[in-house]
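Below is one structure, written out as structure tokens; comments come after it.
The values are calculated or read from the model by the stated rules, or taken from the named source; none is laboratory data. Keep in mind the model is a prediction, meaning the values are calculated, not measured. So basically every Cβ, Gly included, is an ideal-geometry build from the backbone, and we count neighbours across all protein chains shown. These accessible areas exclude ligands, DNA and RNA; they are computed on the full protein's heavy atoms, side chains included. Shrake-Rupley method; radii C 1.70, N 1.55, O 1.52, S 1.80 Å.
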Amino acid sequence: MSNYKIAVVPGDGIGNEIVPQGLRVLEAVAKKHNFSIETEEFGWGAGYYLKHNQFMPDDGIEKLRAFDAVYFGSVGLPAVDDTLPAKDYTFKVRTHFNQYVNHRPVRTYPGVTRPIRSEKHIDFVIVRENNEGEFVQMGGQYLPDFENGMGIDTSVFTRKGIERVAHYAFKLARTRRNKVTHITKSNTLINSLSYWDRVIKEVAEQYPDVEHQQMYIDNSTAMFVLKPEQFDVVLTTNLFGDILSDLGGAVMGSLGLGGSGNINPEKEFPSMFEPIHGSAPDIAGQNIANPYGQIWSVALMLEHLGESEAANNIMEAIDKSTSSGVLTVDLGGKASTTDVADAVIANL
Ligand code: ATP
Ligand code: MG
């Protein structure tokens, strides 16, 4: 019987409510599919920062290294300045563990009303470059005085960084509907993103069986709303992927519906699974947060660990739950956070 060691980092706000519900689903599905789970919880995040002046201890990364995966909620509290580099628990884990793919699926949930016109079935995956690009935090501020100041951020795209995430996207497309749409803005970001385009084009030639489409970010935001059914795998940069995945959440019907994986495809290090949304302090502590995205992240984690049947079982149980009307407040329903987990477990 396989045993998986999972590090659990609930983080702040609703993370402390939805992560435990995700773990209940994980325990239940493990029992059904004959594998076992060992968890250890780490109370890191913005709350930890208020006491210790850092988001996790100095040896935090070392502590996580021994696990098969990290199951994460989200970090952030209104009392903590979110431009503090120290805030970046996520940034640290993603880079130290070479989690260069952010895998963020978007799909139709049965029984959930969505705000877009298209009634067609939607099922695509945003593959967001997760380690470089616009998020490298290189730059500075020149402020002789505030009135005459200047702020600069530099984006860095390396050959290696572009190539590896592109290979992930094209391989993923082969397991799906054989199409990759790569999204940039190389007509204005003429240095970094035209280089990105050239490298992607070269990688695409190695996958002649996969259709390769190129789109600009401005047009793609419109297409997400008007014709989302055209997408299969969406390959994009760190910043564009960040923005498009919130849009993807909205297209599904709520930010609370999106699950994701920060993936190290080579499995040299643990990968980390989390919902696409933040800690939502505005609704924390009321047992009303939508846990579907956090529960979907369990399925993504199990898929990565090789437990595909258990992962599919969770997705089917989620579909049964939403289609029978188990919907939280953000979806126009009355179900509580715990009601949702109860329903998913009953439907496994
Ligand atoms: P981050 O910077 O960490 O991404 P954020 O500032 O983008 O965080 P979120 O925490 O994602 O903000 O919240 C944005 C809005 O979406 C809030 O109004 C929040 O209540 C709502 N929201 C987010 N997640 C959920 C959820 N799981 N269930 C219900 N509402 C949610
Ligand atoms: Mg956000």
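Numerical summary
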quantity: Relative contact order [Cα under 8 Å, 6+ residues apart], the chain, whole percent; calculated: 23 percent
quantity: Accessible surface ranking that places the most exposed of GLU211, GLU119, GLU205, GLU229 first, with a 1.4 angstrom probe; calculated: GLU119, GLU205, GLU211, GLU229
quantity: The chain - convex hull of the alpha-carbon atoms, volume per residue in Å³; calculated: 147 Å³
quantity: Convex hull volume per residue for the range 225-291, taking Cα atoms only, in Å³; calculated: 127 Å³
quantity: Largest-first principal axis extents, alpha carbons of the range 228-348, Å; calculated: 40, 32, 31
quantity: 14 Å Cα-Cα reach of LYS63 towards aspartates and glutamates, excluding residues that sit fewer than 8 places from it in its own chain; calculated: GLU40, GLU41
quantity: Cα-Cα over 24 Å, subset of LYS92/LYS185; LYS92/LYS160; LYS185/LYS227; LYS31/LYS92; LYS5/LYS160; LYS120/LYS320; calculated: LYS92/LYS185; LYS31/LYS92; LYS5/LYS160
quantity: Per residue convex hull volume, Cα atoms of the range 12-136, in Å³; calculated: 174 Å³
quantity: Inter-label distance for GLN214 and LEU239, nm, one decimal - labels placed 7 Å from Cα along Cα-to-Cβ; calculated: 2.0 nm
quantity: Sum of side-chain charges, ARG176 neighbourhood, beta-carbon under 12 Å (Lys, Arg +1; Asp, Glu -1); calculated: +2
quantity: Fraction of accessible area attributable to carbon and sulfur, the chain (%, probe 1.4 Å); calculated: 51 percent
quantity: Inverse mean reciprocal Cα-Cα distance (Kirkwood Rh) of the range 98-174, Å; calculated: 16.0 Å
quantity: Heavy-atom accessible area order for LYS201, LYS227, largest first, 1.4 Å probe; calculated: LYS201, LYS227
quantity: Selected from VAL251, VAL93, VAL156 as most flexible by GNM, with the chain as the system and alpha-carbon contacts under 10 Å; calculated: VAL156
quantity: Cα gyration tensor shape of the range 279-319, rounded if a/c is under 1.5, else prolate or oblate by comparing a/b with b/c; calculated: prolate
